[in-house]
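Structure, as structure tokens:
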Amino acid sequence: MLEATLKRYGVMRMFLQSIHIYPLKSGRGLDVDSVELDRFGPRGDRRWMLVDEAGRFVSQREEAAMTRLSAEPIAEGLRLAADADVIEVAIPTDEKLLFVDIWEDRVPARDAGAEVAGWLEQVFGRPLRLVYMGEECQRHVDGRYASQGETVSFADGFPLLLISAGALDELNSRLSQPVSLDRFRPNLIVEGCEPHAEDGWRRIRVGSVEFEVAKPCARCVVPSLDQRSGEKHPEILRALAGYRRGEDRQVYFGQNLLYQPGGRLAVGDSVEVLG
């Protein structure tokens with residue numbers, strides 16, 4: 001009611017429209033009303049990941065069928081579902097660690113076991129393992145952007161991704177069929193600003209938590225994938241390339257955030273630009 005009244009009189013307030021976490025890297029996302037922030041990012045975000053036989057991370061980039069895979073946190077573990085096929089997995093407690101590769105990082109992880117590995121092989125038709133990032137892991141954010149030793153989960157490189165709701169409106173105005181923001185896998189959606197206003201932000205406050213806006217997010221093939229069917233729609237990346245291509249020829253959409261651990265975010269929190 002408040003937002004409708006403000007809009008009626010031409011007054012806009014920036015606020016947190018929605019919050020999203022991804023328990024399994026490249027699995028389907030979950031909408032949440034609030035979230036705590038720990039040193040990995042939003043609590044429960046991308047602490048699980050699939051790896052191949054070489055220990056290399058697997059994502060929707062090469063395995064579009066991961067759009068079928070939903071992951072939901074349960075007490076002391078994770079529930080995975082691929083269509084009607086479901087398995088529950090406990091957080092691994094074995095002291096033995098293995099090392100896995102994610103982009104240029106090699107980090108310790110805990111294997112979730114043979115049972116879920118067999119389940120994954122049936123789903124994807126090739127050997128895959130499920131791994132968990134334990135508290136002992138210290139995966140640091142790229143030092144070119146992090147100044148205080150910030151760490152991150154199995155996310156691509158930063159603990160949080162923010163996108164303005166207006167950015168999606170701008171993209172959809174250029175498409176024959178509108179798409180939803182889940183294709184871009186954001187954590188935070190901000191309402192009440194111009195499309196891509198976040199490009200000009202350097203520091204913001206969401207509720208009581210302050211963030212550094214580290215760098216724009218370069219986009220890969222994932223936004224072209226329907227997050228339910230895995231069907232690819234090249235028109236989306238073509239449209240983005242028409243107006244969101246940088247001088248380095250990469251396409252950018254959204255902003256990566258850094259922060260110091262602690263605090264809590266909730267849908268409806270005010271968003272303030274500090275610099």
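The values are calculated or read from the model by the stated rules, or taken from the named source; none is laboratory data. Note that the structure is a prediction, hence the values are computed from the model and not measured. Counting neighbours? That spans all protein chains shown, and the Cβs are built from the backbone with ideal geometry, glycine included.
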| Out of all the residues in the range 200-226, which are surrounded by fewer than 16 Cβ atoms within 10 Å (Cβ to Cβ) and assigned to a helix (DSSP H, G or I)? | G200
| Do the conditions hold for P108, that is, is it modelled with pLDDT of 95 or more, of a type outside the set (A, V, I, L, M) and either buried (at least 19 other Cβ atoms within 10 Å of the Cβ) or not assigned by TED's automatic domain parsing to the domain that holds Q122 (or both)? | no
| task | Write out, first by first residue and then by second, each pair whose Cβ atoms fall under 8 Å of each other, whose residues are 6+ apart or on separate chains, and whose first residue, in the range 131-144, is over 15 Å from G77 (Cα atoms) while the second is among the aliphatic types (A, V, I, L, M) and assigned to a loop (DSSP other than H, G, I, E, B). | result | E136/L97; R139/M133; R139/V152; H140/A146; H140/V152; V141/V152
| field | Test: residue in the range 181-192 that is touching a residue at least 40 places away in the same chain (Cβ under 8 Å), in contact with a strand residue (DSSP E or B) (Cβ under 8 Å, 6 or more places away or on another chain), among the small types (G, A, S) and farther than 22 Å from D33 by Cβ | value | no
| If you go through the range 233-262, how many residues are of a type in the set (D, E, K, R) and either in contact with a Cys (Cβ under 6 Å, 6 or more places away or on another chain) or over 19 Å from L168 (Cβ atoms) (or both)? | 3
| task | Exactly one condition in (1) over 19 Å from D269 (Cβ atoms); (2) within 15 Å of the chain's Cα centre (by Cα); (3) exposed (fewer than 15 other Cβ atoms within 10 Å of the Cβ) is not met by M66; state its number. | result | (3)
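Quick grid of which residues meet (1) in contact with a His (Cβ under 7 Å, 6 or more places away or on another chain); (2) at pLDDT below 95; (3) surrounded by fewer than 19 Cβ atoms within 10 Å (Cβ to Cβ); (4) of a type in the set (G, A, S):
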{"residue": "A75", "(1), (2), (3), (4)": "no, yes, yes, yes"}
{"residue": "T93", "(1), (2), (3), (4)": "no, yes, yes, no"}
{"residue": "L97", "(1), (2), (3), (4)": "no, yes, yes, no"}
{"residue": "Y132", "(1), (2), (3), (4)": "no, no, no, no"}
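Quick check, is R47 at pLDDT below 95, surrounded by 18 or more Cβ atoms within 10 Å (Cβ to Cβ) and in contact with a Ser or Thr (Cβ under 6 Å, 6 or more places away or on another chain)?
On the way: at pLDDT below 95: no; surrounded by 18 or more Cβ atoms within 10 Å (Cβ to Cβ): yes; in contact with a Ser or Thr (Cβ under 6 Å, 6 or more places away or on another chain): yes.
It is false that R47 is at pLDDT below 95, surrounded by 18 or more Cβ atoms within 10 Å (Cβ to Cβ) and in contact with a Ser or Thr (Cβ under 6 Å, 6 or more places away or on another chain).
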| request: Answer yes if at least one residue in the range 164-179 is modelled with pLDDT of 95 or more, within 30 Å of A82 (Cα to Cα), out of contact with any Phe, Trp or Tyr (no Cβ under 6 Å at 6 or more places or on another chain) and polar (S, T, N, Q), and no otherwise. | output: yes
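Restricting the search to the range 36-63, which residues are assigned to a strand (DSSP E or B) and within 16 Å of the chain's Cα centre (by Cα)?
Step one: list which residues in the range 36-63 are assigned to a strand (DSSP E or B), which gives 36-38, 41-42, 48-51, 56-58.
Passing the criteria: E36, L37, D38, G41, P42, W48, M49, L50, F57, V58.
Would you mention how many residues in the range 152-189 are within 15 Å of the chain's Cα centre (by Cα) and either within 14 Å of E212 (Cα to Cα) or not hydroxyl-bearing (S, T, Y) (or both)? Steps first, please.
Taking the range 152-189 as the starting set, the residues that turn out to be within 15 Å of the chain's Cα centre (by Cα) are 152-164, 180-189.
Checking which are either within 14 Å of E212 (Cα to Cα) or not hydroxyl-bearing (S, T, Y) (or both) leaves us with 152, 154-163, 181-189.
Total meeting the criteria: 20.
Which residue, of G275, G230, G262, is in a loop (DSSP other than H, G, I, E, B) and touching a strand residue (DSSP E or B) at 6+ places or on another chain (Cβ under 6 Å)? Spell out how you get there, then give the answer.
Working: G230 fails: touching a strand residue (DSSP E or B) at 6+ places or on another chain (Cβ under 6 Å); G262 fails: touching a strand residue (DSSP E or B) at 6+ places or on another chain (Cβ under 6 Å).
Result: G275 is the single residue among G275, G230, G262 that is in a loop (DSSP other than H, G, I, E, B) and touching a strand residue (DSSP E or B) at 6+ places or on another chain (Cβ under 6 Å).
Being assigned by TED's automatic domain parsing to the domain that holds V251, at pLDDT 95 or above and closer than 30 Å to P108 by Cα is true for just one of P195, P186. Which residue is that?
Numbers: P195 fails: closer than 30 Å to P108 by Cα.
Exactly one of P195, P186 is assigned by TED's automatic domain parsing to the domain that holds V251, at pLDDT 95 or above and closer than 30 Å to P108 by Cα, namely P186.
Show me the strands (runs of 3 or more DSSP E) found entirely inside the range 74-172 where at least 3 residues are within 30 Å of V251 (Cα to Cα). Show your work before the answer.
Numbers: elements: 77-82, 85-90, 98-102, 105-111, 129-132, 160-164.
In the range 74-172, 98-102, 105-111, 160-164 are the strands (runs of 3 or more DSSP E) which contain 3 or more residues that are within 30 Å of V251 (Cα to Cα).
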